[in-house]
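One structure is given here, and the rest of the page talks about it.
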Amino acid sequence: MKIKGTCRRCGREFLVEQVIRNGGRCPWDGKPFQADYAVVLVDSLRDAEAAGNTLENALEKVADIEPEFVLDIDSVIARIRDHLERLERGHGT
Ligand SMILES: [Zn+2]
């Protein structure tokens, strides 16, 4: 999964994998995205990429074998969307 983001400081887009490689710093301005929790940030971004890949691949397989059911889309996406929207709204929410 190629998760993309935008730096709140310099406004430039990046791939999460660039931030992981860069130890939690913006690949453009070089400053840490979260100076106090850089390790937690990098670990969590790595987990999100890996888990995203696993989820994508698993759902692709399920769809490929065409089982006799449908899956509730919100049950897969809603809470993920909630966290991303909280991140988008910013600090203190
Ligand atoms: Zn930046």
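Quick look at the values:
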| item | result |
| --- | --- |
| Some residue of the stretch 61-78 being within 16 Å of the ligand (Cβ to nearest atom) and among the hydrophobic types (A, V, I, L, M, F, W, C) | no |
| Residue within the stretch 35-52 that is in a loop (DSSP other than H, G, I, E, B) and surrounded by 10 or more Cβ atoms within 10 Å (Cβ to Cβ) present | yes |
| Condition broken by CYS10, with the remaining ones in (1) within 17 Å of the chain's Cα centre (by Cα); (2) assigned to a loop (DSSP other than H, G, I, E, B) satisfied | (1) |
| Pick from the stretch 13-25, criterion more than 15 Å from the chain's Cα centre (by Cα) and buried (at least 16 other Cβ atoms within 10 Å of the Cβ), ranking: nearest to the ligand (Cβ to nearest atom) | ARG25 |
| Condition broken by TRP28, with the remaining ones in (1) within 14 Å of the ligand (Cβ to nearest atom); (2) touching a residue at least 24 places away in the same chain (Cβ under 8 Å) satisfied | (2) |
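Taken together, the values in this text are just the output of simple stated rules run on the coordinates, not laboratory data. Treat the numbers as computed from the prediction; the structure is a model and nothing was measured. Every residue, glycine among them, receives a Cβ derived from its backbone with ideal geometry; neighbour counts consider all protein chains shown.
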